[in-house]
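Read the structure below first, then the notes.
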Amino acid sequence: MNLTPVKTPAFVKHILPDYVWNIPTKEKVLYLTFDDGPTPEITTWVLEQLKAYAAKATFFCIGNNVEKHPDIFQQVLQSGHAIGNHTHNHLKGWKVKTGTYLENVALAEKVINFQFSNSKFQETEIVNLFRPPYGKLKPKQGKALLEKGYEIIMWDVLSFDWDQTVSEENCLKNVLTKSKPGSIIVFHDSMKAAKNMQYALPKVLKHFSNAGYTFKVLPC
C-alpha cells in the first residue's frame, strides 16, 4: 500500500525547510512540473496542451533522456519552459552512495548544459533546479547539492499519474481538490504515466484557467 500523501503535510515541510515545497503567494498562480522526460510523443503532447492555455511549466529532465532525445529537449526550451535536473539515470538516493549520486547529478548537468549551449532559445547555461527521483534523498546528498547552489524542488501536490492503481478520475481529483495558490504540482511526461496524465492535464488546465489561475515556471 502506498502511504505517500497527495498533499505534502506541513510537518514534513517543517522538518526539511531547506527544500522548496511550494511558492508562498496570494496570487492565483500554480506551478506545474513534469518529471522523467524528455519522452517521444509524450513530451511533445504536453507542450501542445500547455501552449493552448499559454501555460508555462518546469521540466525535470533525466540526463540520459536528454542525450537520447535532444530535439525534444530543444522544443521544451523553444516553448519557454524551465528546466531542472532529475539525475542522469533516475537514481534513488537512498540506494546509492553520496559520491555516486553527486557524480550522476553532475553528468546530467553536463548533458543539459551542453544542450543549452547549442540552443537558440536560452541565454543561460546554468541549471540550478533539482528534484530527486522518487523524492528520496539522503541528508548528505541534499546538503552537498545545496552547497553546490542547487534549489531542491519537492512538491505540494502529487497527481499520482504514474501509479497504475490510481484511476484517471482520481488522478484528476488529486490535483483539483488539493491545489491552492503557489502549489507545486507533479506530473510525469513518461510512458508509464501517460494514460492518467493525458486524461488529467487538459482538464486541470481548463479548470484552473477558468478560475482565473495562471501557470508559471518555477523561479530559479
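The values are calculated or read from the model by the stated rules, or taken from the named source; none is laboratory data. What you see is a predicted model; the values in this text were computed from it and never measured. All Cβ positions, glycine included, derive from the backbone under ideal geometry; neighbour counts span all protein chains shown.
A few comments on the model shown:
- Counted as qualifying within region 1-105 are the strands (runs of 3 or more DSSP E) with 1 or more residues that are of a type in the set (Phe, Trp, Tyr) and under 20 Å from residue 184 (Cα atoms), namely 29-35, 57-61.
- Only one of the listed residues (135, 182) is surrounded by 14 or more Cβ atoms within 10 Å (Cβ to Cβ), on the phi > 0 side of the Ramachandran plot and in contact with a Pro (Cβ under 6 Å, 6 or more places away or on another chain). That residue is 182.
- Number of residues in region 14-51 that are free of Cβ contacts under 8 Å to residues at least 12 places away in the same chain and charged (D, E, K, R) equals 2.
- Members of region 1-23 found to be within 18 Å of the chain's Cα centre (by Cα) and either modelled with pLDDT under 95 or not hydrophobic (A, V, I, L, M, F, W, C) (or both), listed by number: 4, 5, 6, 7, 8, 13, 18, 19, 22
- Looking across region 2-21, the residues that are polar (S, T, N, Q) and either surrounded by fewer than 19 Cβ atoms within 10 Å (Cβ to Cβ) or at positive phi (or both) come down to 2, 4.
- Some residue of region 200-208 being more than 18 Å from the chain's Cα centre (by Cα), in contact (Cβ under 8 Å) with a residue 60 or more places away in the chain and surrounded by 17 or more Cβ atoms within 10 Å (Cβ to Cβ): yes
- Scanning region 23-41 for residues that are crowded, with 21+ Cβ neighbours inside 10 Å and farther than 19 Å from residue 86 by Cβ turns up just one, 30.
- Check on residue 124, modelled with pLDDT under 95, of a type outside the set (A, V, I, L, M, F, W, C) and out of contact with any strand residue (DSSP E or B) (no Cβ under 6 Å at 6 or more places or on another chain): yes
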